[in-house]
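Here's the structure we're looking at; comments come further down.
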Amino acid sequence: SAESSEAAAPASGKFASIQEFLDDPTVKGQLDSMIESLTAGDDSMAVDVKGDGNKLVYTFTFVGKEFGEDEISVMSAALEEAMSNQRSTFENIASSLSQAIEVEDPKVVVTYATEDGTEIYSEEFSAK
């Protein structure tokens, strides 16, 4: 059917899901630019953004380094402190999701991980 070959915005003009929103070429272009500015050509950090139900998930992965447990706990505390300064930014992102997407109770999840997938720090932000 014609519907399956092109994403049709719902009657509300909103995207049906967070993943559909992320897959939109315009949004994808903006995200890619934001990620590029965040990493600024630094290949020691990989950034992945995906939709998972009502969550927009940012995963920042440290690339090319291994960390011991002590380092991870120090990094976790430092990231927690740093994220407290970013709280309103991510709460605002969560709030803006419901303006563009048909989603109830949108959340933004920010996770920092090692290359092998060990979680260093993760926090979930709700719309305010």
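The values are calculated or read from the model by the stated rules, or taken from the named source; none is laboratory data. Only a predicted model underlies this, so the values are computations on that prediction, with no experimental measurement involved. Ideal geometry is used to build each Cβ from the backbone, glycine not excepted, and the neighbour counts take in all protein chains shown. Side chains included, ligands, DNA and RNA excluded: accessible areas come from the protein's heavy atoms. Shrake-Rupley method; radii C 1.70, N 1.55, O 1.52, S 1.80 Å.
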Criterion (on the phi > 0 side of the Ramachandran plot and under 16 Å from the mean Cα position of the chain (by Cα)) met by exactly one of GLY53, GLY64: GLY53
Those helices (runs of 4 or more DSSP H) lying entirely in the range 1-120 with at least 3 residues surrounded by fewer than 12 Cβ atoms within 10 Å (Cβ to Cβ) and not hydroxyl-bearing (Ser, Thr, Tyr): 25-39, 69-100
First in the range 65-84 and within 24 Å of VAL108 (Cβ to Cβ), second anywhere and open to solvent by 100 Å² or more (accessible area, probe 1.4 Å) and not in a loop (DSSP other than H, G, I, E, B), Cβ under 7 Å, 6 or more apart: none
